Amino acid sequence: MRLESLVPSIPADLVAALDHSCGIRTDTDLLFFGSSLDIIKKLPLGTVTLSDVEKFTELVAERASAPGHRGDEILADMGRISEKHSRASCGVRELDDLVDGFGGSRVFEISGDKGSGKTALALQIVIQRLVADADSCALWIDTSGDFSVEKTAELVRHCDLAVSVNVLERLQVSLGFSIEEVHGVLGALRISLSSSRTVGPTIRLVVLDSITPLLLPFLSAVSSQGHAMMTTFMRQLRELAQTFGITIIVINGTSAAAPFNQSSAFASTIRKPALGPSFTFMTDCTLWLSKTKDLPDSEGSFSVHVAEVFRSRTTRSKTWCTFKFSHDVLSSTSDFQLSPYTAGRFLA
């Protein structure tokens with residue numbers, strides 16, 4: 001923070017003198033320069049008194065400090081948010097149990113190869129939330145331009161025809177083809193959530209589909225700039241989720257894992273989430289989806305998929321379940337449960 005931004009709380013002539021005589025331009029320069037007496041010795045005689053330097057230093061320290069929050073108040077707020085949203089459902093009981101529901105102030109990562117059901121799962125989570133909670137809205141940030149209104153409308157009608165129009169009205173879609181554009185969308189969301197004038201349904205779920213093209217071009221083996229950008233962006237997402245009690249889902253691509261992915265329960269998994277090994281630790285849960293094989297059915301073919309928890313802050317890692325995928329809808333495989341041996345053969 002530059003000291004000139006604190007004028008007139010600090011006299012403008014003192015700010016100019018500190019800059020000219022001491023090289024003090026920011027709060028960090030002032031707070032770590034030395035004692036107040038050291039500053040007085042550098043300034044022209046009669047510029048300011050010792051007591052005033054101490055007073056202004058205390059003012060700068062107060063402005064530069066983060067606001068304090070009582071632990072019991074934070075715990076109570078988190079409890080109220082968790083009670084309302086912790087069991088938000090995707091419509092598949094096995095998947096909900098695997099991650100303790102898709103709700104709360106958490107950041108989920110969904111990864112897997114193309115065709116594994118990443119976008120379909122995220123969309124079904126959104127629709128289920130909007131159907132179950134009439135006071136909620138959702139924001140879908142599309143980074144590739146592939147969002148399908150037709151598929152979304154069909155899924156809504158599959159869930160509940162009577163509420164289809166109302167649900168679609170509460171789903172907002174924004175395009176963001178660069179990290180700067182996504183920052184702008186999230187900034188506007190923060191302003192909207194912070195406004196006391198907001199009435200009606202509030203955004204409680206954000207989906208970023210996908211995060212990979214935003215960050216991958218900046219990651220390099222010879223520079224840390226891309227990693228710093230990724231870390232800062234993910235911290236902002238976490239802070240947004242925890243401050244406003246919203247759930248954030250980021251969809252991630254994949255990269256090769258040689259000879260196999262050690263985070264997986266299956267030795268046949270030779271892919272892993274993209275963006276490097278540290279990205280997993282920037283979310284609350286990493287869910288990996290895999291497609292097995294297409295199987296026949298009386299109403300047409302369907303595919304069986306496996307969902308694995310690679311890492312989670314709230315549930316066990318290296319746990320998995322299966323689900324069916326048919327006509328862009330995820331459903332339970334309770335009538336077609338796979339044993340670990342059979343699932344391993346399918347994944348092979």
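Panel values: the stretch 13-64, Kirkwood radius from alpha carbon pairs, Stokes-Einstein at 4 °C and 1.567 mPa s, translational diffusion coefficient 119 µm²/s. For K293 and R313, a Förster radius of 35 Å and the Cβ-Cβ distance give a FRET efficiency of 0.60, rounded to the nearest 0.05. Note on S278 and I40: the model spin-label points, each 7 Å out from Cα along the C-beta direction, lie 4.5 nm apart.
For the peptides 150-157, 173-180, the ranking by packing is 150-157, 173-180, with the highest mean count of neighbouring Cβ atoms within 10 Å listed first.
Here the mean projected area of the convex hull built on the C-alpha positions of the stretch 116-217 is 6.9 nm². Placing unit charges on each Cβ (+1 for Lys and Arg, -1 for Asp and Glu) gives the stretch 2-131 a dipole about its Cα centre, and among S35, A64, G103 the Cα reaching farthest toward its positive end belongs to G103. In straight-distance terms, cross-link reach from K42 covers every one of the lysines whose alpha-carbon lies under 22 Å from its own, apart from those fewer than eight places away in the same chain; here that gives K55. Across the chain, the fraction of Cα-Cα pairs farther apart than 34 Å, rounded to a whole number, is 39%. Put simply, the amide H of S210, placed in the peptide plane, has neighbours under 5 Å in T143, S144, leaving out anything fewer than 5 places away on its chain.
Taking other Cβ atoms within 10 Å as a rough exposure proxy, L6, L98 sort from fewest to most as L6, L98. Counted by neighbouring Cβ atoms within 10 Å, the residues M282, M1, M229 run from fewest to most as M1, M229, M282. At an R0 of 51 angstrom, the distance between the Cβ atoms of E58 and S223 translates into a FRET efficiency of 0.80. Build a GNM of the chain with springs between Cα atoms under 10 Å apart, and of I110, I40, I191 the one that fluctuates most is I40.
Ordering E73, E109 by the number of other Cβ atoms within 10 Å of each residue's own Cβ, fewest first, gives E73, E109. When each of the peptides 201-208, 25-32, 245-252 is scored by how many other beta carbons lie within 10 Å of its residues on average, the order from highest to lowest is 245-252, 201-208, 25-32. At an R0 of 45 angstrom, the distance between the Cβ atoms of D19 and V173 translates into a FRET efficiency of 0.40. Per residue, the convex hull spanned by the alpha carbons of the stretch 219-302 comes to 136 Å³. Among the listed pairs K151/K324; K293/K318; K114/K151, those with a Cα-Cα distance over 19 Å are K293/K318. The antiparallel fraction among DSSP beta bridges confined to the chain stands at about 45%.
Readers should treat all values here as calculations from the given coordinates under stated rules, not as data from a laboratory. Model, not experiment: these values are computed from the prediction. Glycine also receives a Cβ, built like all others from the backbone with ideal geometry; neighbour counts cover every protein chain displayed.
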